[in-house]
Amino acid sequence: MARVRFEPNGIELECSSEKTLLESLVEKGYQMCVGCRRGGCGICLVEVKSGEFELRPHAKELITQRSQTLACRAMPQSDAVVMLCEDNKFKRSGLYRWLERAGKAGTQV
Ligand code: FES
């Protein structure tokens, strides 16, 4: 498990080192702007402020700087801080907020 802080929102989540950032976000009821979810489009590109990530297969040309990674491919291997770009700031989904109010968040529906 790794503790990952998502800026500029400042939200911190416990993320499995065997799941991608995107999978962890979705599992906890957040949604962000994504495209292919397979490392081929670059829409989920985030800036890495700190931390180590293992990357699932992806199009190498999408990551042009050492400080970048793809939320749909990156699995955190240590505590980390990532910066979401203006276009992919995430938010909690309406369904998850409803499940939270009903006391059923985190259960299978
Ligand atoms: S959603 Fe396409 S590379 Fe992540």
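What the table below lists for this structure:
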{"item": "Test: GLU18 is open to solvent by 40 Å² or more (accessible area, probe 1.4 Å) and at pLDDT 95 or above", "result": "yes"}
{"item": "Looking only at region 1-59, and only at residues there that are assigned to a helix (DSSP H, G or I) and touching a residue at least 60 places away in the same chain (Cβ under 8 Å), the one that is farthest from the ligand (Cβ to nearest atom)", "result": "LEU25"}
{"item": "Some residue of region 49-58 being within 13 Å of the chain's Cα centre (by Cα) and open to solvent by less than 60 Å² (accessible area, probe 1.4 Å)", "result": "yes"}
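The values are calculated or read from the model by the stated rules, or taken from the named source; none is laboratory data. Please read these numbers as outputs of a predicted model, since none were measured by experiment. In this analysis, Cβ positions are derived from the backbone assuming ideal geometry, glycine residues included, and neighbour counts consider all displayed protein chains. Surface areas here come from the heavy atoms of the whole protein model, side chains and all, with no ligands, DNA or RNA. Shrake-Rupley method; radii C 1.70, N 1.55, O 1.52, S 1.80 Å.
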